[in-house]
Protein chains: 2
Amino acid sequence: MYIRIIERLMPFQMYSKELLKGTLKPIILKLLSEKESMYGYEIVQAVKELSAGKIVIKEGSLYPLLHSLTKDGTLEAEAVMIGKRIRKYYRLSQKGKTVTTESLSELQNFIKTIEQIIYPKEGDYAFKN
Amino acid sequence: MYIRIIERLMPFQMYSKELLKGTLKPIILKLLSEKESMYGYEIVQAVKELSAGKIVIKEGSLYPLLHSLTKDGTLEAEAVMIGKRIRKYYRLSQKGKTVTTESLSELQNFIKTIEQIIYPKEGDYAFKN
DNA sequence: CGAATATACATAGATTTATGATGTATTACA
DNA sequence: TGTAATACATCATAAATCTATGTATATTCG
């Protein structure tokens with residue numbers, strides 16, 4: 001309760017959430033392609049670390065996404081009891097591996113296209129002036 | 001009328017619209033920073049060309065965005081009659097130039113972060129396995 | 001020891017951004 | 001002459017994420 005309030009008072013500067021849209025899925029799939037399996041909280045921590053604190057996935061984004069990816073057969077889930085606490089491990093299904101490849105290549109391609117526009121090579125802005 | 005139907009039947013493959021989210025604004029601002037002024041239709045064509053047809057901004061996205069950027073003082077608009085047809089030219093305001101710099105650097109920074117995750121350097125995935 | 005923090009899951013509702021569908025009208029071209 | 005291109009506009013809808021909230025266990029530190 002207190003925590004939530006403090007978090008709101010001291011939001012550390014991340015990216016405007018809009019930029020994230022469409023990138024969460026490939027990011028998560030990429031992580032899962034690097035490890036056998038991961039659980040939700042672990043994914044949040046890993047992304048935070050890999051992005052130097054700049055991308056902090058919210059639970060409200062992550063859990064629904066993991067559920068829907070499981071439902072559509074991209075992921076397979078397995079619940080494990082750690083002491084009295086539950087933990088859900090997710091792994092890529094066979095289909096998930098294909099989805100990952102496609103999702104990543106779309107993202108990579110998209111980034112290239114954006115870069116083409118924001119870092120133009122000489123002559124790209126032929127219409128200039 | 002016919003056109004609309006055909007367009008729906010032959011949607012040429014662009015990026016899933018979600019990826020675009022958050023990038024349209026910086027892209028448009030970037031274009032406007034390269035030219036004195038542009039009008040809506042011209043922006044759509046320029047983005048299409050610069051992206052080799054991969055990014056086709058829809059009117060339903062562009063015009064409301066241009067309006068809101070004008071309303072918040074980022075852009076200045078000027079209507080011109082071309083024959084009997086109207087054309088609205090947009091240019092960056094002084095404030096708009098600052099907004100452009102900020103918006104572009106946020107996008108560039110964001111892309112770098114994403115690349116860090118999807119093209120990891122040796123050791124980045126220290127947690128691996 | 002007790003309180004704060006970290007771990008770990010979950011979901012409902014609000015927000016944001018872009019699109020789809022539609023409308024109007026002029027101009028160019030074949 | 002009619003089809004495509006130019007050029008504006010708006011409303012309803014969709015999709016993705018976040019905010020806010022809830023629950024509960026485990027760890028750490030003063």
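The values are calculated or read from the model by the stated rules, or taken from the named source; none is laboratory data. Predicted model only: the values in this text are computed from it and were never measured. Please note: Cβ atoms are built from the backbone with ideal geometry, for glycine as well, and neighbour counts cover all protein chains shown. When the accessible area is computed, the model is the full protein with side chains, heavy atoms only, and any ligands, DNA or RNA have been set aside. Shrake-Rupley method; radii C 1.70, N 1.55, O 1.52, S 1.80 Å.
Which lysines have a Cα less than 24 Å from the Cα of residue A:35, not counting those fewer than 8 places away in the same chain?
A:21, A:25, A:48, A:54, A:58, A:71, A:88, A:95, A:97, B:112, B:121, B:128
Enter the accessible area per residue of region A:14-111 (Å², integer; probe 1.4 Å; all protein chains in place).
Details: 5170 Å² over 98 residues.
About 53 Å² of surface per residue is accessible.
Starting from the Cα of residue B:61, step 7 Å along the direction of its Cβ; do the same at residue B:80; then give the gap between the two resulting points in nm.
2.6
Counting only protein heavy atoms and a 1.4 Å probe, tell me what percentage of region A:14-111's accessible area is made up of carbon and sulfur. If you can, show how the numbers build up before the last one.
Numbers: 2710 of 5170 Å².
After summing per-atom areas, the C and S share lands at 52 percent.
Do any trypsin sites (Lys or Arg not before Pro) in region A:47-87 lie in a DSSP loop with no more than 15 other beta carbon atoms within 10 Å, and if so, which?
A:58, A:84
Return one quarter of the surface area of the convex hull spanned by the alpha-carbon atoms of region A:44-129, equal to its mean projected area, in nm². Before the final figure, lay out the partial values.
Working: hull surface 36.2 nm².
Mean shadow area of the hull around the Cα atoms is 9.0 nm².
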